[in-house]
Amino acid sequence: MKSNWKEIRLGDVAEIKGGKRLPKGKQLSSIPNNHPYIKVKNMGQQKVLQLNSEYEYVDDETQKSISRYIVSAGDILISVVGTVGLVSIVGETLNNANQTENCDKITNLREIDADYLYYYLISSLGQEEIHKGTVGAVQAKLPLKNIQDFSIICPDLIEQKKVASVLSIIDEKIACNERINDNLEQQAQALFKSWFLDYEPWNGTVPNSWINGKLGDFADIKRGGSPRPIQEYLSESGLRWLKISDVTSLHTPFVIDIKDHIIEEGLKKTVFLKAGSLVLSNSATPGVPKILDVDSCIHDGWLYFPESKFSREYLYLFFKYIRQQLVNLSNGSVFNNLKTDILKGYPTVLPDEETLLRFDEIVQPMFFQMQNLTRESHRLEETRDTILPQLMSGELDVSNLDI
């Protein structure tokens, strides 16, 4: 540790406060009001939490009963039950929001910069502290007292801000890319709705030349495969193995980061897809479409489309619009399961070839830009994750960095 760095106890430089579960009998609502409720599932996707369509809300009466648990912009939240160690900063749009009992807030910071503390907690050093403080054999829990006892290594405030600013530049560029991608996808969805749901270019009626049928009439729909028992085929390297958890919090059509791998012996019992293939989840969290940007094997929780009269972009947007209907049609005693036959039988209209071509000429450049921005963000994330532990330990001097 460098001479101007010191080790401090988190509880000596900040207040840590727990959240509050909803009063018995109270339910969250998806109807927006002034009382959003932050849950663990909202955390870990980005550095700064901002209000979006995924949030749920409490009513006025519930708000009064749990108002002492509101958060302020700049507070740091850390998940403490089940999925322990997710860290986020509360953004301006969530000022005065409520926090779930499954996360604690770190507030009223003294002698430590909020951005620096955030990066420290997500670094290997911070995650090691979180791991040491976690208890529970059945369900993991991080007691508030153990958060207070976290050991934080840091320089003076001026250098803390320099370290955090280097990392913030990277995260801000990633966030900018996400905003552009979100805007592009919204434009593509709006065009799809205008043409193929509202038929606006055709005065609101389906052209006579378009063919009514079922999705299975116009596209081959097949299911992935799983070598079993899967534990015997998983490995540190080899063929990528796409899991539903790789995409559930992914805010881009394209999948680059796939964490798991299987050995080549499993290839004959699964399905190997090349980059560019469209996949659709059919179990656990059904109806999620994604486009592979890397080669990968897919298990039987995925559907794929080897032949189709529709482009992958058209199908992606189509599945986005019918997702809720697909979820409603899925069944299963434990997990929802979207059967292949359900998708094959889904009512579908095939537009004429010229219309499909004109649509693709408009939306494919949008998807190409989204793909490039997703790749850039992935490279930036790798850079950030590489230098993060070096910056947090003082091993890397911020004055020598050129970002």
Looking at K173, K145, K161, which one is among the basic types (K, R), under 27 Å from the mean Cα position of the chain (by Cα) and assigned to a helix (DSSP H, G or I)?
-> K173
Would you confirm whether any residue within the stretch 203-225 is aromatic (F, W, Y), touching a helix residue (DSSP H, G or I) at 6+ places or on another chain (Cβ under 6 Å) and open to solvent by less than 60 Å² (accessible area, probe 1.4 Å)?
-> no
Please give the number of the condition H251 fails out of (1) of a type outside the set (D, E); (2) open to solvent by 30 Å² or more (accessible area, probe 1.4 Å); (3) at pLDDT 95 or above; (4) assigned to a loop (DSSP other than H, G, I, E, B).
-> (3)
Unmet requirement for V58, which otherwise passes all of (1) free of Cβ contacts under 8 Å to residues at least 60 places away in the same chain; (2) over 19 Å from the mean Cα position of the chain (by Cα); (3) open to solvent by less than 10 Å² (accessible area, probe 1.4 Å); (4) under 26 Å from K161 (Cβ atoms) = (4)
For the stretch 17-33, indicate whether the set of residues that are more than 25 Å from the chain's Cα centre (by Cα), touching a residue at least 24 places away in the same chain (Cβ under 8 Å) and in a strand (DSSP E or B) is non-empty.
-> yes
Filter the stretch 260-270 down to residues that are under 26 Å from E382 (Cβ atoms) and of a type outside the set (D, E, K, R) and give me whichever is surrounded by the most Cβ atoms within 10 Å (Cβ to Cβ).
-> I262
Taking G82 as the residue in question, decide whether it is under 22 Å from the mean Cα position of the chain (by Cα), open to solvent by 10 Å² or more (accessible area, probe 1.4 Å) and of a type outside the set (A, V, I, L, M, F, W, C).
-> yes
Cβ pairs under 6 Å, 6+ apart or interchain, first in the stretch 295-317 and over 12 Å from W241 (Cα atoms), second crowded, with 21+ Cβ neighbours inside 10 Å and at pLDDT below 95, ordered by first then second residue, are L303/N282
Condition met for N208 (farther than 30 Å from E307 by Cβ and either in a loop (DSSP other than H, G, I, E, B) or free of Cβ contacts under 8 Å to residues at least 24 places away in the same chain (or both)) | no
From the list D300, D295, D246, D257, which residue is of a type in the set (D, E) and open to solvent by 50 Å² or more (accessible area, probe 1.4 Å)?
-> D257
Only one of (1) within 25 Å of the chain's Cα centre (by Cα); (2) open to solvent by less than 20 Å² (accessible area, probe 1.4 Å) does not apply to A190, and that is (2)
Picking from I174, I169, the residue that is surrounded by fewer than 16 Cβ atoms within 10 Å (Cβ to Cβ), hydrophobic (A, V, I, L, M, F, W, C) and under 30 Å from G394 (Cα atoms) would be I169
What is the number of the single condition among (1) out of contact with any strand residue (DSSP E or B) (no Cβ under 8 Å at 6 or more places or on another chain); (2) among the small types (G, A, S); (3) over 22 Å from P143 (Cβ atoms) that G82 does not meet?
-> (3)
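The values are calculated or read from the model by the stated rules, or taken from the named source; none is laboratory data. Predicted, not measured: the structure shown is a model, and the values here were computed from it. As a convention, Cβ positions derive from the backbone with ideal geometry for all residues, glycine included, and neighbour counts pool all protein chains shown. Ligands, DNA and RNA are excluded from the accessible area calculation, which covers all protein heavy atoms including side chains. Shrake-Rupley method; radii C 1.70, N 1.55, O 1.52, S 1.80 Å.
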